[in-house]
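The values are calculated or read from the model by the stated rules, or taken from the named source; none is laboratory data. Remember, predicted model here, so these are calculated numbers, not experimental data. Here Cβ is always computed from backbone atoms with ideal geometry, including for glycine, and neighbour counts include all displayed protein chains.
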Amino acid sequence: MISISEAQSYEFASGPDLFALCQQAAKIRDEHWGKRLTYSKKVFIPLTNMCRDACGYCTFVQGPDSPDANYMTPEQVLKTAREGQVLDCKEALFSLGERPEERHQKARDLLRHLGYTHTLDYLHDQCENVLLETTLLPHINAGALSYDELKHLKPVAASMGMMLETVSNTLLKKGQAHHACPDKTPKRRLNTLEQAGRLDIAFTTGILIGIGESWQDRIDSLLAIRDRHLSYGHIQEVIIQNFRAKPGTAMAACMEPSLDDMKRTIALARLLLPAEISVQAPPNLQEEYGSYIHAGINDWGGISPLTKDFINPERAWPQIDNVAKACQGLGYSLEERLTIYARFQEQESRYLTANLTHRVADLSGQATHSNYFLKEEVVA
């Protein structure tokens, strides 16, 4: 298996031969994952858009003075999930701001009206409702969580996730992307990865590039993820996400990473991470599908036929058939997967609580044997 050492990674990050780097990464991808790329068919459930953090690039979060600041009601959550079920979605991605009730009176008031004191308790019960009332599998992206919080949520989620983003403490300084963001400290987020490993939670993480970090920061972030996985074996996928400048944010005028930056980072991730970790890049944040494939990705993440990307609402999800055609043009199939990857399903008693085992088994036959563009060819 081709790989690079930690020392080599710094050389490759600034080296001139991007094409050769991508070739090496693609070779590892093909050797381990074969000639197939995957995606998860999902609905996006933004449980609350309030947060105690104030990242310099975020438009998802609404302050308490905004009329749009809210919590979804249980009825709204189930309506979205049921509409997704009709469209054959299998994942319910719960995404939310971090601990807004600890900063905003409006969040406390809205929670109290719903009958709760803490956002994470409300999240738990809404995931449970989706499990009871639909066929979807919840995936929780609730930010930095403690051991006890992760343990409480594990029975109602087939998988969980949190973007590490970066291990750079420099970005916590005034004027930087994570200033005044208590949940974005590298120590806190790395601890969440650690506790998820201790609890055997199939976990998604990733890095956000272009927010002020250096190439060394990117590599150190990938190595930090790798080291946690080598200790616990629980990281199922790593997202390489590119910063997009958004009007109205503190970073609106900042330069976005180039396509070559993305390709080099994807390739480095594939070469640095164990081959069984999926490397993913969001297809709606850069439409150069072929470039991502050549750089070594094997997964497109969640794509929704129903709900927008509430984190990047200006970037519409691609049509699944367009992604399939791009894959097909380069000799790859596009296959649907569940939010929890097959190798974790095979260790179900470790990664899945009893109430989730049968649901995952029922859905896995529908998803893992689904080959999108070959089905299209048969229809034709």
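Observations on the model:
- Check on Thr135, among the hydroxyl-bearing types (Ser, Thr, Tyr), at pLDDT 95 or above and touching a strand residue (DSSP E or B) at 6+ places or on another chain (Cβ under 9 Å): no
- In region 30-47, the residues that are under 17 Å from Ala326 (Cα atoms) and either surrounded by fewer than 20 Cβ atoms within 10 Å (Cβ to Cβ) or basic (Lys, Arg) (or both): Asp30, Gly34, Lys35, Arg36
- Scanning region 82-124 for residues that are in contact (Cβ under 8 Å) with a residue 40 or more places away in the chain, in a helix (DSSP H, G or I) and under 23 Å from Leu306 (Cα atoms) turns up Arg82, Glu83, Gly84, Gln85, Leu123.
- Of the residues making up region 237-256, one or more are in contact with a helix residue (DSSP H, G or I) (Cβ under 8 Å, 6 or more places away or on another chain), crowded, with 24+ Cβ neighbours inside 10 Å and either over 30 Å from Gln345 (Cα atoms) or among the hydrophobic types (A, V, I, L, M, F, W, C) (or both).
- Residue check, Glu213 over 23 Å from Arg29 (Cβ atoms), more than 17 Å from the chain's Cα centre (by Cα) and of a type in the set (Asp, Glu): yes
- Pick from region 282-294, criterion under 18 Å from Gly210 (Cα atoms) and not polar (S, T, N, Q), ranking: surrounded by the most Cβ atoms within 10 Å (Cβ to Cβ): Tyr292
- Criterion (buried (at least 18 other Cβ atoms within 10 Å of the Cβ) and over 19 Å from Glu237 (Cβ atoms)) met by exactly one of Leu110, Leu150, Leu164: Leu110
- Scope region 155-185; condition in contact (Cβ under 8 Å) with a residue 12 or more places away in the chain and among the basic types (Lys, Arg); matching residues: Lys184
- Condition check for Ile266: closer than 22 Å to Gln23 by Cα, touching a strand residue (DSSP E or B) at 6+ places or on another chain (Cβ under 7 Å), at pLDDT 95 or above and assigned to a loop (DSSP other than H, G, I, E, B): no
- Qualifying residue in region 173-187 (condition: closer than 27 Å to Leu153 by Cβ and of a type in the set (Asp, Glu)): yes
- Only helices (runs of 4 or more DSSP H) whose full extent lies in region 305-355 are considered here, and the ones with at least 2 residues that are under 30 Å from Gly197 (Cα atoms) and modelled with pLDDT of 90 or more are 342-345, 348-351.
- Taken across region 194-202, residues that are at pLDDT 95 or above, outside any helix (DSSP H, G or I), under 28 Å from Ala342 (Cα atoms) and acidic (Asp, Glu) do occur, with at least one present.
- Restricted to region 113-147, and to residues there that are more than 10 Å from Thr48 (Cβ to Cβ) and among the β-branched types (Val, Ile, Thr), the residue that is surrounded by the fewest Cβ atoms within 10 Å (Cβ to Cβ) is Thr117.
- Filter result (under 15 Å from the mean Cα position of the chain (by Cα) and farther than 17 Å from Leu223 by Cα) within region 142-195: Ala142, Gly143, Ala144, Ala157, Ala158, Ser159, Met160, Gly161
- Some residue of region 227-242 being in contact (Cβ under 8 Å) with a residue 40 or more places away in the chain, farther than 19 Å from Ser40 by Cα and within 19 Å of the chain's Cα centre (by Cα): yes
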